[in-house]
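The values are calculated or read from the model by the stated rules, or taken from the named source; none is laboratory data. Everything quoted here is computed from the prediction, not taken from an experiment. No Cβ is skipped: glycine too gets one built from the backbone with ideal geometry, and neighbour counts run over all protein chains shown. What goes into the accessible areas is simple: the full protein's heavy atoms, side chains included, and nothing from ligands, DNA or RNA. Shrake-Rupley method; radii C 1.70, N 1.55, O 1.52, S 1.80 Å.
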Amino acid sequence: MLSDQAACPFRAFARHRLAARDLEKPAEGLDASKRGKLAHALMKNLWEVLKDSSALEHDLEPAIASAAAAAVKELQIEGRFADLERTRLCASRASG
């Protein structure tokens, strides 16, 4: 504590008296919670369109694209980031 005080009195005060910590580093994209909410919104919107499992026999691409767009809008994601998330949601079907 004394070496911190000698180096920079304000930093020593902030660190030792106020218990200040370093800021979290921002992560690119959505955090895990928001990605989970986005996936749940996608599935909710998709099943509202499909209604039952018999619809799974048809082409799902338009329904998935529509559900992805609705999910992104529901979570109020906008701009280029919304485009990327819609693309990611539609592409996750092909990879998973």
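Conditions tested, residue by residue: (1) within 23 Å of Glu28 (Cβ to Cβ); (2) charged (D, E, K, R).
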{"site": "Leu46", "(1), (2)": "no, no"}
{"site": "Lys51", "(1), (2)": "no, yes"}
{"site": "Leu60", "(1), (2)": "no, no"}
{"site": "Ala65", "(1), (2)": "no, no"}
{"site": "Ala70", "(1), (2)": "no, no"}
{"site": "Gln76", "(1), (2)": "yes, no"}
{"site": "Ala82", "(1), (2)": "yes, no"}
{"site": "Thr87", "(1), (2)": "yes, no"}
{"site": "Ala91", "(1), (2)": "yes, no"}
Working only within the range 1-47, note down all residues that are open to solvent by 100 Å² or more (accessible area, probe 1.4 Å), under 25 Å from Glu61 (Cβ atoms) and modelled with pLDDT under 90.
-> Arg35, Trp47
Among the candidates Glu74, Glu61, Glu57, Glu78, single out the residue that is among the acidic types (Asp, Glu) and open to solvent by less than 100 Å² (accessible area, probe 1.4 Å).
-> Glu74
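Take the conditions in contact with a Cys (Cβ under 8 Å, 6 or more places away or on another chain) and over 30 Å from Asp4 (Cα atoms) and apply them to Ala41. Does it pass?
Spelling it out, it is not the case that Ala41 is in contact with a Cys (Cβ under 8 Å, 6 or more places away or on another chain) and over 30 Å from Asp4 (Cα atoms).
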Do any helices (runs of 4 or more DSSP H) lying entirely in the range 1-63 carry at least 1 residues that are of a type in the set (Ser, Thr, Tyr), and which ones are they?
-> 2-7, 32-50
